[in-house]
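S.K.: Let me give you the structure first, and then I'll get to my questions.
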Amino acid sequence: MKTIRLIVALVCGIAYPVVAQYPVKFSLEESIAKDPNLGRVPNQRIILFKDHSQGPTEREALVRKAGGETLRHLPSINALVAYFPDGIRAPLDAEPSIHEIVNDDYAELHFIGALAGCAGGESGSEVTNPCPANPGDVSDKEQPWGIQRVRASKAWEKTRGEGAKVCIIDTGIDLTHPDVAPNVRAGKDLSGSTTTTSDITDYVGHGTHVAGTIAAIDDDSGVVGVAPKANLYISKVFGKSGSTSLSAVIAGIEYCTEIEADVINMSLGSSRDNTAMHEAVKAAFHAGAAIIVSAGNSGGSVGFPGAYEEVLGIAASDDSDKIASFSSHGQEVDLIAPGVKVLSTVPTSKGSYAQYNGTSMAAPHVTGLAALVRSAFPNFNNTQVYTLLKETAAKIGLKNEEQGSGLPQACSALGFESAHQSSPHPARSGKPAPRPNPIYPKLSLPVVPAPMNSLQLRQIFGN
Ligand SMILES: [Ca+2]
């Protein structure tokens, strides 16, 4: 029997209640064998259609005939989600217009616990990094350690994220928080927890924390984010708990596509692969968004959508550049970023600032960097953004399945330092099989060119 790890660091003595249960499964197969409905939203199904031969009204009639109620349409994947209180009465599988019926699963925040009352900006023993920090960063109390570690300030003379649209799929945001609210441009509540879509208030704290790491403002007060002038769009899909349905997350992804997001942050996931979620991620990727997803906190394999090829899956490191004990890992990890004792904004009702742990906190560091890259190189497509962040990341001496391509660095990504081609700390283990480049034979828009190689990147940056 595997040990279940419950990571609750009590460094500062006072802990907020953990907002959600984080089922830790070292063997999903074992767990599912015991409970086939594990992680499923009861009686809820996502119905994917083959074509557009039926309109919304006809589809809803079809669902009613089978004993269900349509909850919402998901146009990006040509689907709808429906609730069948007594199971599906009519054999919908035989309906010629239906391609597939899949379960609606739960998605959870990749957040471990919160610490209150802590001072931020602690520095650990950083390994040698070819991308040196600015001398003033350590004494700049507005910069949490993670912001320093990704060398965000190195980019700020070139860009602070101006013009980049970042969509955060999360618990909403505190619109009264002076350190992050000024960057919020719009938002929508798709959690289904209210009858309207206008209340993007963050009742949990997670979304405000993620937003602060991405884009807290530079005002010599509180904290500053990686891209302090990025434009934030709030796609709220969690109500008052740390759990929601995949169909709500898919609706949240659709909102991000609707506002033409340059970067999407998803600090969430499910332990189950799901066709509907994968199709939604593919649709957003093909619409042009760079999609950054936390790897998960199981300490085991990478969750979904973090494991999909169309996204960057992010593991979590601590301030000594070690992988966090809770961080999921595997060959699906693309990058690693600070995810332990991350100081950021939380709702003013929860104390305004707090340190959180989780791969949820790692992903927004990369999202901020992606916003800087998109601002500096607006002609780059999402694949080029991924390639640039990976090729310019610093290896930090971990196994490839822990660090992926390494810890991304704003200075080398933005061309301020020579992109280092060799690792100062070679990986200890054998290299896992490389992930194949995504191939999408069925889809043609937009055209996705082959990722750039190191030579092409050097040609662009002239070094
Ligand atoms: Ca600030």
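S.K.: FRET efficiency for Asp51 and Tyr83, Cβ-Cβ distance as r, R0 = 35 Å, nearest 0.05?
M.R.: So, using R0 = 35 Å, E works out to roughly 0.90.
S.K.: Next up: Using the Karplus equation 6.51 cos²θ - 1.76 cosθ + 1.60 (θ = phi - 60°), what ³J(HN,Hα) coupling, rounded to whole Hz, does each residue of region 309-319 give in order, writing x for Gly and Pro?
M.R.: Once rounded to whole Hz, the list reads 6, 7, 10, 9, x, 10, 8, 10, 10, 9, 7.
S.K.: If you count, for each residue, the other Cβ atoms within 10 Å and average over each peptide, how do 247-257, 302-312, 172-182 line up from highest to lowest?
M.R.: Result, highest mean first: 247-257, 302-312, 172-182.
S.K.: Could the peptides 319-326, 223-230, 259-266, 358-365 be put in order, highest first, of the mean number of other beta-carbon atoms found within 10 Å of their residues?
M.R.: 358-365, 223-230, 259-266, 319-326
S.K.: Let me ask something additional. For Ala33 and Ala90, what does the FRET efficiency come to when R0 = 25 Å and r is the distance between their Cβ atoms, rounded to the nearest 0.05?
M.R.: According to the calculation, E is roughly 0.25.
S.K.: Calculate, in nm to one decimal, what Thr196 and Val138 gain on full extension: separation in residues at 0.36 nm each, minus their alpha carbon distance.
M.R.: 16.4 nm
S.K.: Compute log10 of I(q)/I(0) for region 42-104 with the Debye formula, placing one identical point scatterer on every Cα and leaving out solvent, at q = 0.20, 0.25 Å⁻¹, to two decimals.
M.R.: -0.66, -1.09
S.K.: Let me ask something else. I'd like the distance between the alpha-carbon centres of region 257-311 and region 164-197, rounded to an integer number of Å.
M.R.: What the calculation gives is 19 Å, centre to centre.
S.K.: Count neighbours as other Cβ atoms within 10 Å of each site's Cβ, and list the trypsin sites (Lys or Arg not before Pro) in region 234-313 that are DSSP loop with at most 15 such neighbours.
M.R.: Answer by residue number: Lys240.
S.K.: Further question: So what are the ³J(HN,Hα) numbers for region 216-229, from phi and the Karplus equation (6.51, -1.76, 1.60; θ = phi - 60°), rounded to whole Hz, Gly and Pro as x?
M.R.: Karplus values, whole Hz, x for Gly and Pro: 4, 7, 8, 9, 6, 8, x, 10, 10, x, 5, 10, x, 10.
S.K.: Return a whole-number percent for the relative contact order of region 42-104, with Cα pairs under 8 Å and 6 or more residues apart as the contact set.
M.R.: This gives 48 percent for region 42-104.
S.K.: If a paramagnetic tag sat 7 Å from the Cα of Glu258 along the Cα-Cβ line, which residues of region 63-87 would have the backbone N under 14 Å from that point?
M.R.: Once the point is set 7 Å along Cα→Cβ of Glu258, 72-77 turn out to lie under 14 Å by backbone N, inside region 63-87.
S.K.: How many nm separate the modelled label positions at Asn43 and Asp219, each set 7 Å beyond the Cα in the direction of the Cβ?
M.R.: About 4.8 nm separates the two model spin labels.
Values in this text are rule-based calculations from the coordinates and carry no lab data. Only a predicted model underlies this, so the values are computations on that prediction, with no experimental measurement involved. Cβ: placed from backbone, ideal geometry, glycine included. Neighbour counts: every protein chain shown.
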